[in-house]
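The values are calculated or read from the model by the stated rules, or taken from the named source; none is laboratory data. Please read all numbers here as calculations on a predicted model, not as lab measurements. We place every Cβ from the backbone using ideal geometry, glycine too, and count neighbours over all the protein chains shown. These accessible areas exclude ligands, DNA and RNA; they are computed on the full protein's heavy atoms, side chains included. Shrake-Rupley method; radii C 1.70, N 1.55, O 1.52, S 1.80 Å.
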Amino acid sequence: MKTDVLIIGGGPAGLSTAIETASRGLDVTIVDEASKLGGQLNQQTQALRPLPSLYESMRGFELANKLIEQIKDYNVRQLLNHRVVGFYADGSAGITDEENVFPVNAKKIIVASGAAEKAVAFPKWTLPGIMTIGAAQTLINRDFVMPGREAVIVGSSDFAMETAIQLMDVGIRVKAIIEKQSGALAKEQEKVRELSRSGIPFYFNSFIKEARGNGQVEQIDVALPDDVITLNVDLVCMDGGRAPILDVLYQLGCSFGFQEELGGWIPQYNNRFQTDREDVFIAGNAAGISTHGPLLLTGMIAGISASEELQAISALEAHEIREALWKELELLEDKEMHSGRVKHLEKFANPVLKDQFIY
Amino acid sequence: MHIEKHPVLGRQLHKPVTIYFNDQPYQAYTQQSVAAALMANGIKKLGVTRKLVQSRGLFCSRGRCCSCYMTIEGEDHVRSCMTEVEDGMRIYPNMDDPEVRRDIDED
């Protein structure tokens with residue numbers, strides 16, 4: 001199979017990059033291992049803001065539907081339930097439908113592989129019933145399944161607070177929020193107050209000492225600053241933060257740089273979201289952990305840049321659009337994150353080492 | 001337990017199907033993942049770890065952690081969180097090492 005642009009990942013960044021490239025007449029192929037496009041937006045029932053000026057404020061699944069609707073007008077091939085498993089010597093991507101592997105030859109590859117949730121380790125943390133907050137959210141909002149009756153949340157980020165509220169809304173009792181720091185980490189303090197008002201204790205400077213259960217979690221010991229308490233729970237949702245998913249970019253041989261604010265090791269890229277492998281672009285959380293608005297913008301910039309190289313848009317027009325998108329990115333993105341991103345671009349322009357990774 | 005009426009998304013579970021776990025029938029709905037459908041029926045233990053024989057269950061629900069491997073329709077080591085239920089599907093837990101397919105005759 002041949003295509004102009006191969007987009008790896010069909011979440012918000014992948015879809016926004018698909019709109020930019022396909023709307024300019026390019027032949028676009030999206031590959032995603034899920035059965036539906038939209039990525040993690042599909043189970044997000046919370047309102048997303050701020051979004052780029054092109055979009056009104058809406059809930060996650062509504063944004064997924066809107067983006068999916070937009071690409072219907074264009075020439076976008078969808079390889080759902082498919083995965084990239086490697087690359088052939090001639091540069092073609094090896095894609096599997098879980099039975100056979102076939103090559104896809106693309107002029108440009110845009111990697112929008114997203115991020116994975118990290119775990120919080122404690123003794124017996126692998127017991128069934130202990131899962132990431134994202135998994136709990138998927139169960140209630142995508143699968144319509146109760147993951148448990150009595151839960152604790154480990155962590156207090158915006159995502160954790162949002163999920164705690166969503167769990168309560170379907171009737172799960174949230175018994176406690178456990179945070180190892182001395183205060184709630186969420187930027188939207190209103191959600192923290194809402195949870196406090198509904199009587200949920202926040203245990204700060206605290207952590208799970210141990211989980212217990214016969215075949216599944218039944219009980220946890222929580223180490224408070226000056227006490228240890230035992231809670232009976234059948235669900236533990238842990239928020240260990242997120243890390244970019246980079247498997248494909250290692251395989252492509254892109255150079256990497258360390259950028260704390262963006263989630264650690266990520267591929268180096270320039271202001272076109274182009275890596276040092278000139279045919280490979282990057283977008284979304286894979287280019288550094290961020291929030292929804294910026295994810296869409298990075299996808300748009302990568303899409304414009306790939307379109308420019310394939311001569312689907314003039315260099316001048318591409319330059320102008322890119323400038324405007326970068327301005328909006330600066331406005332929408334968390335300040336610290338954005339300055340990390342700018343520092344990251346400088347590393348691409350002035351590399352200290354060519355290959356930061358020792359293989 | 002299935003969420004029949006979701007506070008934001010309303011009623012979405014329309015097409016019931018029957019799945020079989022360890023040859024026992026359970027109700028699920030199309031578009032649910034195998035792991036989720038089992039959890040709705042109170043089954044959280046999906047297998048055991050190879051070395052320490054500890055219980056495993058759904059962890060990330062994204063196909064990343066591979067904690068939810070099960071035997072589905074005769075195939076070992078399938079990620080049950082990434083597989084949608086189908087009517088009559090036969091599911092077994094992964095309780096030991098998988099049968100490795102071999103092309104080379106070892107005799």
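Quick check: at a probe of 1.4 Å, how many percent of the accessible area of segment A:236-359 sits on carbon and sulfur atoms? Carbon and sulfur: 55 percent of the exposed surface of segment A:236-359. Look at the stretch B:3-9: the mean tally of other chain Cβ atoms within 10 Å of its residues' Cβ atoms is 6.
Give a quick list of trypsin sites (Lys or Arg not before Pro) in segment A:18-114 that DSSP marks as loop, anything other than H, G, I, E or B, with at most 14 other Cβ atoms within 10 Å. The partial results should precede the final answer.
Numbers: sites: A:R24, A:K36, A:R59, A:K66, A:K72, A:R77, A:R83, A:K107, A:K108; in loops: A:R24, A:K36, A:K72.
Passing sites in segment A:18-114 are A:K72.
Nearest 0.05, what FRET efficiency do A:R277 and A:S53 give at R0 = 22 Å with Cβ-Cβ as r? Walk me through the numbers before you get to the answer.
Working: r = 32 Å, r/R0 = 1.45.
Efficiency computed from Cβ-Cβ geometry: 0.10.
Apply the a/c threshold of 1.5 to the C-alpha gyration tensor of segment A:1-131 and tell me whether it is rounded, prolate or oblate. Oblate, since a/c reaches 1.5 and b/c is not below a/b.
Report summary: the helix-based calculation at 222 nm, which adds -39500 (n - 2.57) for every DSSP H run with n ≥ 4 and divides by the residues of the protein assembly as shown, gives -7500 deg cm²/dmol. Is the C-alpha gyration tensor of chain B telling us rounded, prolate or oblate? Criteria: a/c under 1.5 is rounded; beyond that, a/b larger than b/c is prolate, otherwise oblate. Because a/c hits 1.5 or more and a/b exceeds b/c, chain B counts as prolate. Placing R0 at 22 angstrom, the Cβ-Cβ distance between A:K118 and A:K327 gives a FRET efficiency of 0.10 after rounding to 0.05. Counted over the protein assembly as shown, the DSSP beta bridges are approximately 55% antiparallel.
Per-residue counts of other Cβ atoms within 10 Å, averaged by peptide: what ranking do you get for A:291-303, A:322-334, highest first?
Numbers: A:291-303: 28.1, A:322-334: 16.7.
Highest to lowest by the protection proxy: A:291-303, A:322-334.
Pairs from the table (A:K187/B:K44; A:K118/A:K335; A:K118/B:K51; A:K66/A:K347) lying more than 28 angstrom apart at Cα are A:K187/B:K44; A:K66/A:K347. Direction-averaged projected area, Cα convex hull, the protein assembly as shown: 24.3 nm², rounded to one decimal. Taking segment A:1-93, which GluC sites (Glu not before Pro) meet the DSSP loop condition and have no more than 13 other C-beta atoms within 10 Å? Within segment A:1-93, the qualifying GluC sites (Glu not before Pro) (loop, at most 13 other Cβ atoms within 10 Å) are A:E56. Please report the antiparallel percentage of DSSP beta bridges with both residues in segment A:46-183, rounded to the nearest 5. Around 65 percent of the beta bridges assigned by DSSP in segment A:46-183 are antiparallel ones. With respect to chain A, whose longest principal axis is taken over its alpha-carbon atoms, helix A:60-71 is tilted by about 20°.
If you take the beta carbon distance between A:L224 and A:N270 as r and set R0 to 56 Å, what does 1/(1 + (r/R0)^6) give as a FRET efficiency, to the nearest 0.05?
Numbers: r = 48 Å, r/R0 = 0.86.
Between A:L224 and A:N270 the formula returns 0.70.
Peptide B:42-55 shows a mean partner chain C-beta count of 3 within 10 Å per residue C-beta.
In peptide A:263-275, how many Cβ atoms from other protein chains are near each Cβ within 10 Å, on average?
On the way: counts 0, 0, 0, 0, 0, 0, 0, 0, 0, 0, 0, 0, 0.
What the average comes to for A:263-275 is 0.
The angle between the Cα long axis of helix A:315-332 and the longest principal axis of the Cα atoms of chain A comes to about 10 degrees, rounded to the nearest 10. Among the trypsin sites (Lys or Arg not before Pro) in segment A:162-206, none sits in a DSSP loop with a Cβ that has at most 11 other Cβ atoms within 10 Å.
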